[in-house]
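Working notes for the structure below.
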Amino acid sequence: MLKVDKLDKVFNDHKVLDNINLDVEKGDVIAIIGPSGAGKSTFLRCLINLEQRDSGSVNIDGIELVQDDKKCVEKVQEKMGMVFQSFNLFPHMTVLKNVMIAPIRVKKADKVESEKKARELLSKVGLSDRVDYYPSKLSGGQQQRVAIARALAMNPELMLFDEPTSALDPELVGEVLKVMKDLADDGMTMVVVTHEMGFAREVANKVVFMENGKIVETGTPQELFYAPKTERTKKFLEKVI
Ligand code: ADP
Ligand code: MG
(Lines give C-alpha, C1' and ligand atoms only; values in the text may rest on other atoms or scores of the structure.)
(Ligands and ions follow the chains in the order given, each with its own letter.)
Protein backbone atom coordinates (compact mmCIF):
# COMPACT_ATOMS: atom_id res chain seq x y z
CA MET A 1 0.00 0.00 0.00
CA LEU A 2 2.74 2.44 0.98
CA LYS A 3 6.48 2.09 0.70
CA VAL A 4 8.87 4.74 1.90
CA ASP A 5 12.51 4.23 1.04
CA LYS A 6 15.50 6.14 2.42
CA LEU A 7 13.59 9.38 2.87
CA ASP A 8 15.55 12.46 3.97
CA LYS A 9 14.32 15.95 4.69
CA VAL A 10 16.47 18.95 5.52
CA PHE A 11 15.29 22.26 6.98
CA ASN A 12 17.97 25.00 7.01
CA ASP A 13 20.93 22.62 7.17
CA HIS A 14 19.21 20.55 9.84
CA LYS A 15 18.35 16.99 8.83
CA VAL A 16 14.88 16.55 10.34
CA LEU A 17 14.26 13.21 8.63
CA ASP A 18 17.18 10.85 8.21
CA ASN A 19 16.90 7.66 6.19
CA ILE A 20 13.27 6.85 6.96
CA ASN A 21 12.08 3.48 5.68
CA LEU A 22 8.54 2.26 6.17
CA ASP A 23 6.30 -0.38 4.65
CA VAL A 24 2.59 -0.20 5.18
CA GLU A 25 0.40 -3.11 4.12
CA LYS A 26 -3.28 -2.83 3.34
CA GLY A 27 -5.23 -2.86 6.60
CA ASP A 28 -2.25 -1.92 8.74
CA VAL A 29 -2.69 0.51 11.60
CA ILE A 30 0.71 2.05 12.24
CA ALA A 31 1.21 4.23 15.29
CA ILE A 32 4.12 6.66 15.19
CA ILE A 33 5.26 7.77 18.61
CA GLY A 34 8.15 9.89 19.78
CA PRO A 35 9.06 13.17 21.44
CA SER A 36 8.18 16.59 20.10
CA GLY A 37 10.54 17.64 17.31
CA ALA A 38 11.25 14.05 16.26
CA GLY A 39 10.00 14.74 12.73
CA LYS A 40 6.68 12.90 12.95
CA SER A 41 4.57 15.67 11.40
CA THR A 42 7.15 16.40 8.73
CA PHE A 43 7.15 12.72 7.83
CA LEU A 44 3.37 12.60 7.34
CA ARG A 45 3.51 15.85 5.40
CA CYS A 46 6.14 14.40 3.03
CA LEU A 47 3.83 11.46 2.27
CA ILE A 48 1.10 13.75 1.02
CA ASN A 49 3.51 16.27 -0.50
CA LEU A 50 2.64 19.14 1.82
CA GLU A 51 6.37 19.09 2.38
CA GLN A 52 8.93 18.11 -0.27
CA ARG A 53 11.49 15.49 0.63
CA ASP A 54 15.15 15.99 -0.29
CA SER A 55 15.86 12.40 -1.19
CA GLY A 56 14.41 8.92 -1.08
CA SER A 57 11.17 7.65 -2.56
CA VAL A 58 7.51 7.34 -1.66
CA ASN A 59 5.36 4.80 -3.43
CA ILE A 60 1.67 4.60 -2.68
CA ASP A 61 -0.55 1.94 -4.15
CA GLY A 62 1.85 1.42 -7.04
CA ILE A 63 2.33 5.11 -7.81
CA GLU A 64 5.74 6.67 -7.35
CA LEU A 65 5.32 10.15 -5.86
CA VAL A 66 7.04 12.53 -8.29
CA GLN A 67 7.07 15.79 -6.39
CA ASP A 68 7.21 18.20 -9.34
CA ASP A 69 4.57 16.39 -11.36
CA LYS A 70 1.31 18.14 -10.51
CA LYS A 71 -0.89 15.38 -11.95
CA CYS A 72 0.99 12.74 -10.01
CA VAL A 73 0.81 14.73 -6.79
CA GLU A 74 -2.95 15.11 -7.22
CA LYS A 75 -3.31 11.39 -7.83
CA VAL A 76 -1.33 10.56 -4.72
CA GLN A 77 -3.18 13.11 -2.62
CA GLU A 78 -6.49 11.62 -3.74
CA LYS A 79 -5.45 8.33 -2.24
CA MET A 80 -4.86 9.80 1.19
CA GLY A 81 -6.99 11.57 3.73
CA MET A 82 -5.33 13.58 6.45
CA VAL A 83 -6.62 14.69 9.83
CA PHE A 84 -4.69 17.33 11.75
CA GLN A 85 -4.48 18.35 15.36
CA SER A 86 -6.45 21.50 14.52
CA PHE A 87 -9.69 20.54 12.85
CA ASN A 88 -9.60 23.18 10.07
CA LEU A 89 -13.31 22.97 9.23
CA PHE A 90 -14.80 25.64 7.01
CA PRO A 91 -16.44 27.95 9.58
CA HIS A 92 -19.03 29.38 7.20
CA MET A 93 -20.36 25.97 6.15
CA THR A 94 -22.63 23.60 8.03
CA VAL A 95 -21.31 20.23 9.12
CA LEU A 96 -23.07 18.56 6.18
CA LYS A 97 -21.62 21.03 3.69
CA ASN A 98 -18.15 20.60 5.18
CA VAL A 99 -18.31 16.88 4.43
CA MET A 100 -19.97 17.21 0.99
CA ILE A 101 -17.87 19.95 -0.47
CA ALA A 102 -14.57 18.32 -1.43
CA PRO A 103 -16.01 15.50 -3.56
CA ILE A 104 -18.20 18.01 -5.40
CA ARG A 105 -15.42 20.52 -5.99
CA VAL A 106 -12.48 18.23 -6.52
CA LYS A 107 -14.05 15.13 -8.03
CA LYS A 108 -17.06 16.82 -9.65
CA ALA A 109 -19.19 14.31 -7.78
CA ASP A 110 -22.96 14.34 -8.05
CA LYS A 111 -24.56 16.60 -5.42
CA VAL A 112 -27.34 14.24 -4.38
CA GLU A 113 -24.93 11.33 -4.12
CA SER A 114 -22.45 13.42 -2.15
CA GLU A 115 -25.10 14.50 0.32
CA LYS A 116 -26.23 10.91 0.80
CA LYS A 117 -22.67 9.78 1.39
CA ALA A 118 -21.99 12.70 3.74
CA ARG A 119 -25.02 11.81 5.84
CA GLU A 120 -23.89 8.19 6.02
CA LEU A 121 -20.43 9.21 7.13
CA LEU A 122 -21.77 11.64 9.71
CA SER A 123 -23.95 8.89 11.06
CA LYS A 124 -20.89 6.65 11.25
CA VAL A 125 -19.04 9.20 13.39
CA GLY A 126 -22.13 9.69 15.57
CA LEU A 127 -23.17 13.13 14.38
CA SER A 128 -26.47 12.55 12.58
CA ASP A 129 -28.11 15.07 14.89
CA ARG A 130 -25.57 17.78 14.10
CA VAL A 131 -25.62 17.93 10.30
CA ASP A 132 -27.10 21.44 10.17
CA TYR A 133 -24.85 22.95 12.83
CA TYR A 134 -21.99 25.31 12.14
CA PRO A 135 -18.58 24.17 13.44
CA SER A 136 -18.39 26.90 16.08
CA LYS A 137 -21.43 25.36 17.80
CA LEU A 138 -19.69 22.00 18.22
CA SER A 139 -17.29 20.71 20.82
CA GLY A 140 -13.69 19.99 19.79
CA GLY A 141 -14.40 16.27 19.79
CA GLN A 142 -17.40 16.74 17.52
CA GLN A 143 -15.41 19.00 15.20
CA GLN A 144 -12.66 16.43 14.93
CA ARG A 145 -15.21 13.74 14.11
CA VAL A 146 -16.54 15.97 11.32
CA ALA A 147 -12.96 16.38 10.09
CA ILE A 148 -12.61 12.60 9.96
CA ALA A 149 -15.90 12.25 8.07
CA ARG A 150 -14.75 14.96 5.67
CA ALA A 151 -11.51 13.13 4.94
CA LEU A 152 -13.40 9.86 4.43
CA ALA A 153 -15.78 11.51 1.95
CA MET A 154 -12.96 11.45 -0.61
CA ASN A 155 -12.75 7.65 -0.37
CA PRO A 156 -9.10 7.50 0.64
CA GLU A 157 -7.11 4.28 0.52
CA LEU A 158 -5.02 5.45 3.43
CA MET A 159 -5.77 7.76 6.34
CA LEU A 160 -3.06 9.85 7.99
CA PHE A 161 -3.66 11.28 11.45
CA ASP A 162 -1.37 13.84 13.05
CA GLU A 163 -2.04 13.96 16.79
CA PRO A 164 -5.79 14.10 16.22
CA THR A 165 -6.62 14.29 19.91
CA SER A 166 -3.85 16.56 21.18
CA ALA A 167 -5.93 19.75 21.02
CA LEU A 168 -8.90 18.22 22.83
CA ASP A 169 -10.04 18.49 26.41
CA PRO A 170 -9.32 15.16 28.09
CA GLU A 171 -12.98 14.18 28.36
CA LEU A 172 -13.38 14.49 24.57
CA VAL A 173 -10.41 12.34 23.56
CA GLY A 174 -12.27 9.04 23.94
CA GLU A 175 -15.02 9.79 21.43
CA VAL A 176 -12.46 10.57 18.72
CA LEU A 177 -10.33 7.52 19.50
CA LYS A 178 -13.50 5.40 19.36
CA VAL A 179 -14.25 6.64 15.82
CA MET A 180 -10.65 5.87 14.83
CA LYS A 181 -10.86 2.42 16.33
CA ASP A 182 -14.11 1.72 14.44
CA LEU A 183 -12.37 2.81 11.27
CA ALA A 184 -9.49 0.46 11.98
CA ASP A 185 -11.93 -2.38 12.71
CA ASP A 186 -13.54 -1.70 9.31
CA GLY A 187 -10.16 -2.41 7.72
CA MET A 188 -8.98 1.12 6.91
CA THR A 189 -5.24 1.45 6.45
CA MET A 190 -4.04 4.11 8.88
CA VAL A 191 -0.84 5.87 9.91
CA VAL A 192 -1.41 7.64 13.20
CA VAL A 193 0.98 9.99 14.97
CA THR A 194 -0.18 9.92 18.55
CA HIS A 195 0.65 10.46 22.19
CA GLU A 196 -2.18 8.13 23.16
CA MET A 197 -0.20 5.08 24.19
CA GLY A 198 -3.39 3.15 24.95
CA PHE A 199 -4.49 3.57 21.36
CA ALA A 200 -1.06 2.63 20.03
CA ARG A 201 -1.02 -0.48 22.20
CA GLU A 202 -4.55 -1.66 21.59
CA VAL A 203 -5.43 -0.60 18.04
CA ALA A 204 -2.16 -0.45 16.13
CA ASN A 205 -0.57 -3.63 14.75
CA LYS A 206 2.77 -1.90 14.37
CA VAL A 207 4.41 0.85 16.40
CA VAL A 208 7.23 3.07 15.17
CA PHE A 209 9.33 5.04 17.63
CA MET A 210 11.00 8.13 16.15
CA GLU A 211 13.56 10.44 17.68
CA ASN A 212 15.81 13.13 16.15
CA GLY A 213 14.58 12.46 12.64
CA LYS A 214 15.30 8.73 12.78
CA ILE A 215 13.28 5.60 13.27
CA VAL A 216 14.82 4.18 16.42
CA GLU A 217 12.70 1.07 16.71
CA THR A 218 9.75 -0.62 15.01
CA GLY A 219 7.76 -3.53 16.33
CA THR A 220 4.43 -4.92 17.36
CA PRO A 221 2.84 -3.13 20.32
CA GLN A 222 3.77 -6.16 22.38
CA GLU A 223 7.45 -5.88 21.43
CA LEU A 224 7.72 -2.13 21.73
CA PHE A 225 5.83 -1.61 24.94
CA TYR A 226 6.79 -4.73 26.84
CA ALA A 227 10.18 -5.63 25.41
CA PRO A 228 11.77 -2.54 23.88
CA LYS A 229 15.10 -3.34 22.27
CA THR A 230 16.80 0.00 22.73
CA GLU A 231 17.56 2.13 25.76
CA ARG A 232 16.11 5.17 24.01
CA THR A 233 12.75 3.54 23.48
CA LYS A 234 12.72 2.38 27.08
CA LYS A 235 13.54 5.85 28.35
CA PHE A 236 10.83 7.47 26.25
CA LEU A 237 8.20 4.98 27.35
CA GLU A 238 9.11 5.43 31.00
CA LYS A 239 8.33 9.09 30.62
CA VAL A 240 5.01 8.78 28.81
CA ILE A 241 3.36 5.74 30.36
P1 ADP B 1 7.16 16.42 15.52
O2 ADP B 1 5.89 16.40 14.72
O3 ADP B 1 7.71 15.06 15.78
O4 ADP B 1 7.02 17.21 16.77
P5 ADP B 1 8.13 18.09 13.38
O6 ADP B 1 8.05 17.27 12.17
O7 ADP B 1 7.06 19.10 13.59
O8 ADP B 1 8.27 17.14 14.66
O9 ADP B 1 9.50 18.88 13.40
C10 ADP B 1 10.75 18.24 13.20
C11 ADP B 1 11.85 19.28 13.16
O12 ADP B 1 11.71 20.07 11.98
C13 ADP B 1 11.81 20.26 14.31
O14 ADP B 1 13.13 20.54 14.67
C15 ADP B 1 11.13 21.47 13.73
O16 ADP B 1 11.55 22.64 14.39
C17 ADP B 1 11.60 21.44 12.30
N18 ADP B 1 10.64 22.03 11.37
C19 ADP B 1 9.38 21.61 11.14
N20 ADP B 1 8.78 22.33 10.19
C21 ADP B 1 9.69 23.26 9.80
C22 ADP B 1 9.68 24.33 8.83
N23 ADP B 1 8.62 24.55 8.07
N24 ADP B 1 10.81 25.07 8.71
C25 ADP B 1 11.91 24.83 9.45
N26 ADP B 1 11.98 23.85 10.38
C27 ADP B 1 10.89 23.07 10.56
MG1 MG C 1 4.03 17.13 15.17
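The residue pairs whose first member lies in the range 63-92 and is without any contact (Cβ under 8 Å) to a residue 60 or more places away in the chain and under 20 Å from residue 3 (Cα atoms), whose second member is in a loop (DSSP other than H, G, I, E, B) and within 16 Å of ligand 2 (Cβ to nearest atom), and whose beta carbons are closer than 6 Å, counting only pairs six or more residues apart or on different chains, are 77/48.
Within the range 6-23, can one find any residue that is more than 16 Å from ligand 2 (Cβ to nearest atom), under 18 Å from the mean Cα position of the chain (by Cα) and closer than 15 Å to residue 159 by Cβ? No: zero hits. Restricted to helices (runs of 4 or more DSSP H) entirely inside the range 21-111, those with at least 3 residues that are more than 16 Å from ligand 1 (Cβ to nearest atom) are 70-79, 95-107. Can you say whether residue 153 is open to solvent by less than 30 Å² (accessible area, probe 1.4 Å), away from ligand 2 (no atom under 16 Å from the Cβ), over 19 Å from residue 194 (Cα atoms) and in contact with a Gly (Cβ under 9 Å, 6 or more places away or on another chain), as far as the supplied structure shows? Criteria met by residue 153.
Screening the range 141-241 for strands (runs of 3 or more DSSP E) wholly inside it with 3 or more residues that are more than 25 Å from residue 100 (Cβ to Cβ) returns the ranges 189-193, 206-211, 214-219.
For the range 37-61, a residue qualifies if it is hydroxyl-bearing (Ser, Thr, Tyr) and either within 12 Å of ligand 2 (Cβ to nearest atom) or modelled with pLDDT under 95 (or both), and the qualifying residues are 41, 42. Among the numbered conditions (1) open to solvent by less than 50 Å² (accessible area, probe 1.4 Å); (2) away from ligand 2 (no atom under 16 Å from the Cβ), the only one that residue 201 does not meet is (1). Scanning the range 112-144 for residues that are open to solvent by 50 Å² or more (accessible area, probe 1.4 Å), in contact with a helix residue (DSSP H, G or I) (Cβ under 6 Å, 6 or more places away or on another chain) and over 24 Å from residue 181 (Cβ atoms) returns 115, 133.
The values are calculated or read from the model by the stated rules, or taken from the named source; none is laboratory data. Just so it is clear, the structure is predicted and the values come from calculations on it, not from any experiment. All Cβ positions, even for glycine, are placed from backbone atoms using ideal geometry, and neighbour counts span all protein chains on display. SASA here: full protein model, heavy atoms, side chains in, ligands and nucleic acids out. Shrake-Rupley method; radii C 1.70, N 1.55, O 1.52, S 1.80 Å.
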